[in-house]
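Worksheet: one structure, shown below.
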Amino acid sequence: MEKVIGLITCNYSAKESSALTESRPVASLPYFGRYRLVDFALSNLVNCGIRTVGMVMPYNYRSIIDHTGSGKDWDLDRKNGGLFILPGSAFGTSRTGARFLLRDLIHNKAYFKRSNADAVICSTANFVFNIDLDEVYAAHKESGADITVLTKTASEKDNDVTAFDVIDGRVQGVRQGVNFGDTMFLDCFVINRQLLLDMFDWYAPTDYLDLFEAMAGDFGRVDVRTYDFGGYVAPIFNKRTYFRANMDLLDPRITAELFPVDRSIKTKTHDTPPAKFEVGSRVLNSAVSSGDRIYGSVSDAILGRNVIVEAGATVRNSIVMQGCVVKSGARVENAIVDRGNVVPAGTELRGTPEEVLITEKAHE
Amino acid sequence: MSKKECIAMLLAGGQGSRLGALTSNVAKPAVSFGGKFRIIDFALSNCANSGINTVGVLTQYRPYLLHSYIGTGEAWNLDERGGGVAILPPFATQTGGTWYEGTADAVTQNLGYIETNDPEYVLILSGDQLYRMDYADMLATHKRNNADLTIAVMPVPWEEASRFGILTADDDGRITKFSEKPKKPDSNLASMGIYIFNADLLVETLKEDANDQNSAHDFGGNIIPKLLADGKRLFTYKFEGFWRDVGTISSYHETSMDLLGPNPAFDIFSTDFPIMSNASTRPPAFVGKDGTIDDALIANGCQVYGTVKHSILSTDAYVGERATVIDSVLLPGAVVKDGANVVRAILGENSVVEENVSVGSVDTTKDTAVIGNDVVVGKGEN
């Protein structure tokens, strides 16, 4: 898709903060062992042939840049185009609603202006799904819409997700928070590039708003249509949805849908050897990443890379991130153990299924 | 090592015919090993870890997978300005062209590559061996000895010595005798097929050898004996770590099994001299509710719903419900369907063992079973 460029706003901080997002933006939250949330937005864009992607950065961007580097692992280390690191608002946009803060877009006007693309596909990094954007773009062109927004019917209440009021596939209004049955916005849309540049002028006086908030009175003149996505979607705005979206992947059908070989989710590659299941280990219903060494018991768990579970240790219904060591006889249950932690021998880290215990990232 | 002080010539053209079905459609250096690696990863990683950034890879037999796997050498950090990986297949000139006939001939035909890079030293390597070696240390030894040629050697069991090129050296490590596969070895120091030559001497010697009608153009058989007879300074570089040439099905199987157990002879987890690979990005391995795994290496993308014991599952391998895999190696994408049994076997890439079919035998007097790449084993076929 030569005529389309991408934009990912990575500076949306979780409103409901937890230890997981104190040390990093949501975009670089580890997910399913070896991935980061931003991998989905990046991979969806490059999988349809887009080779120019701008990323609007939060102030604490270290972990994002560490992850993306030059963009090589997404084929974004291009002579022309490639990965553009764009400055974002100093303190992120934790305010409800503003995922595509106008000010952030306008400040990076040059990125859009210098392009000769017909359209821009914009996305946040808070949603997990794998979609063929070629089809979305084809639908966008066919309908002649100004903007095509990706949507799905909400299956539960979520205050952090944006809802659209839709009549006959055309957006009439926008509001924050979805209830069961609402049309929820997947934070991903196609917009004609020239229209986006025009909107920078239209909405300059209210640049503190989200693009769609600013548009709220304009749905009569701006033709915004929905593209309903039928696949698996997980919005991740708090620790509960984060935990559940990980655990969903213990269902191989969902994993197969999210990580097909022919439309793969790309991520930073590492030279870690295969996981080693040592003599006497016991692993059930779990995802185990490369570099892991398991001597103890693991069930209903997701282990990041280079995790060691020593003999006599137990990990149950938990996420254990990269580089953690669960020492002999220790017990981790209903917990999220952030990266680099050592769970001392014989100790317990235990939450409940309703209230998962989170340990913050080890200090480096 | 400074940048063009030493370049490597990596011999990767061999067919590896004794690996049978595993090399029916790929060259031996491209054969998968250890769950996520290919055999050539070890030599390329050694180069990168030793600071050698210019590597010529001599290819010939079924090169497609090998070429695409090596690519620009980026996966081994070898895509550097002023260096890089060059893939060197046989080529034609105004006076014609021939296949590579022997290890020395392959390098002779690419003397132009060496001359273009103009290094002081040339490291000759095989692309089909598993080991970790710091070539910088070997080069330091070469320079310290003021040697013309340094040969990496390792002690082998006396009873196996007659299978190798055997060297006798004096107390200073200077080689006094070399015999290719001697019937009655008087030393147990075996050549590992890893050489550092002074570049000028290598070029000169290969040019002479090319004109010698009686030469088989082989480093072990012709070049080394000639230099020794000429009184050149040939020295040994003693290596005592893990080293394997996985030349046969049984050695491939044995060496794979050596990665398992509580204290494997070859530690692929060591991080100070990492083995790099051009791996595909796949999700973590998944073990189902009834999966049982005991003593195994399981790569990303694998799914295990049955029983796996003392085995290696490479990227995207699949073991179905009630299936059993014991003492086996599943290469990338191999599928063992529900209820199948695989014992002491090597399953080629993307091969399939159909439901309730058995492959291999626990009887260790029988050969290791091998299923070729892309082969489907159905009922009554095995």
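Under the simplified labelling scheme, the A:Lys3-A:Thr206 pair shows an inter-label distance of 3.1 nm, with each label point 7 Å from Cα along Cα→Cβ.
3J(HN,Hα) along segment A:211-227: 3, 6, 5, 5, 7, 3, x, 10, 5, x, 9, 9, 8, 10, 10, 9, 10 Hz, from the Karplus curve 6.51 cos²θ - 1.76 cosθ + 1.60 with θ = phi - 60°, whole Hz, x for Gly and Pro. Charge tally around B:Asp172: other residues with Cβ under 14 Å, Lys/Arg +1 each, Asp/Glu -1 each, net +2.
Amide H contacts for A:Val356 (H built 1.01 Å from N in the peptide plane; partners 5 or more residues away or on another chain; cut-off under 5 Å): none found. Of all DSSP beta bridges confined to the protein assembly as shown, the antiparallel ones make up roughly 35%. Close amide H contacts of A:Val174 (hydrogens built in the peptide plane, cut-off under 5 Å, sequence separation of 5 or more or a different chain): A:Asp165. Each residue of segment B:225-235 is assigned a 3J(HN,Hα), and the resulting list reads x, 5, 5, 5, 5, 6, x, 6, 8, 9, 10 Hz, derived from the Karplus form 6.51 cos²θ - 1.76 cosθ + 1.60 (θ = phi - 60°), x at Gly and Pro. Extending 7 Å from Cα along the Cβ direction at A:Ala311 and again at B:Arg233 yields two label points whose distance is 5.2 nm. Of the trypsin sites (Lys or Arg not before Pro) found in segment A:145-175, those that fall in a DSSP loop while having at most 16 other beta-carbon atoms within 10 Å are A:Lys157.
Averaged over the residues of peptide A:254-267, the number of Cβ atoms from other protein chains lying within 10 Å of each residue's Cβ is 2. All alpha carbon pair distances within chain B were sorted into 10 Å bins beginning at 0; the resulting P(r) in whole percents reads 5, 23, 31, 23, 13, 5, 0. The alpha carbon radius of gyration of segment B:59-131, expressed as a multiple of 2.2 N^0.38 Å, is 1.19. Sorted on the mean count of surrounding Cβ atoms within 10 Å across their residues, most packed first, peptides A:67-78, B:45-56 read B:45-56, A:67-78.
Secondary-structure-derived ellipticity at 222 nm for chain B, considering helices only, amounts to -5000 deg cm²/dmol, per-run term -39500 (n - 2.57) for DSSP H runs with n ≥ 4. Taking trypsin sites (Lys or Arg not before Pro) across segment B:1-102, the ones in a DSSP loop with at most 12 further Cβ atoms lying within 10 angstrom of their Cβ are B:Arg81. Please give the residues of segment A:271-313, grouped as numeric ranges, whose backbone N is less than 15 Å from a label point set 7 Å along the Cα-to-Cβ vector of B:His310. Residues A:278-280 fall inside that zone.
Placing +1 on the Cβ of every Lys and Arg and -1 on the Cβ of every Asp and Glu, with nothing else charged, gives segment B:285-355 a dipole about its Cα centre of roughly 80 debye.
Considering only chain B, what is the antiparallel percent among its DSSP beta bridges, to the nearest 5? DSSP beta bridges in chain B are roughly 30 percent antiparallel.
Note on segment B:303-364: dipole from Cβ charges, positive end direction compared against B:Val343, B:Gly333, B:Ser358; the farthest Cα belongs to B:Val343. For peptide B:272-281, the mean count of partner chain Cβ atoms within 10 Å of a residue's Cβ comes to 4. Helix A:193-202 axis versus longest C-alpha principal axis of chain A: approximately 80°, rounded to the nearest ten.
Only Lys, Arg, Asp and Glu carry charge here, each on its Cβ (+1 for the first two, -1 for the last two); on that basis chain B has a dipole of about 200 debye about its Cα centre. Summarised in one figure, the compactness ratio Rg/Rh of the protein assembly as shown, Cα atoms and Kirkwood Rh, is 1.03.
Debye sum, Cα scatterers, segment A:224-326, no solvent: what log₁₀ I/I(0) at q = 0.12, 0.14, 0.15, 0.16 1/Å? Per q value, in the given order, log10 I(q)/I(0) is -0.47, -0.62, -0.70, -0.78.
With angles folded into 0 to 90 degrees, how steeply does helix A:38-47 sit against the dominant principal axis of chain A? Use alpha carbons for both and round to 10. That works out to roughly 60 degrees.
Between the listed residues B:Leu313, A:Val171, B:Asn117, the Cα displaced farthest toward the positive end of the dipole of the protein assembly as shown, a dipole computed from Cβ unit charges relative to the Cα centre, is found at A:Val171. Between B:Ser250 and B:Lys289, the FRET efficiency estimated from the beta carbon spacing at R0 = 51 angstrom works out to 0.90. Counting Lys and Arg as +1 and Asp and Glu as -1 over every other residue whose Cβ lies under 13 Å from the Cβ of B:Asp290, the net charge comes to +1. Select from segment B:89-124 those chymotrypsin sites (Phe, Trp or Tyr not before Pro) which occupy a DSSP coil region and have at most 16 other Cβ atoms within 10 Å, ordered by residue number. Loop-located and lightly packed - B:Phe91, B:Trp99. May I ask for the angle, rounded to the nearest 10°, between helix A:133-143 and the longest principal axis of chain A, with both axes built from Cα atoms and the value confined to 0 to 90°? Tilt relative to chain A: about 20 degrees. Above 24 Å, the calculated P(r) of segment B:112-242 contains 26 percent of its Cα-Cα pairs.
Taking every DSSP bridge with both residues inside segment A:7-160, close to 15 percent are antiparallel. Here the Karplus curve 6.51 cos²θ - 1.76 cosθ + 1.60, taken at θ = phi - 60°, turns the phi angles of segment B:274-287 into couplings of x, 8, 9, 8, 9, 7, 7, 8, 10, x, x, 5, 10, 10 Hz, with x standing for Gly and Pro. Placing +1 on each Lys and Arg Cβ and -1 on each Asp and Glu Cβ, with no other charges, gives chain A a dipole about its Cα centre of roughly 900 debye. Put simply, the amide H of A:Glu348, placed in the peptide plane, has neighbours under 5 Å in A:Arg331, leaving out anything fewer than 5 places away on its chain.
Rule-based calculations on the coordinates, nothing more; no lab input. These numbers come from a predicted model, not from an experiment. Using ideal geometry, Cβ is built from the backbone for each residue, glycine included, and neighbour counts are taken over all protein chains shown.
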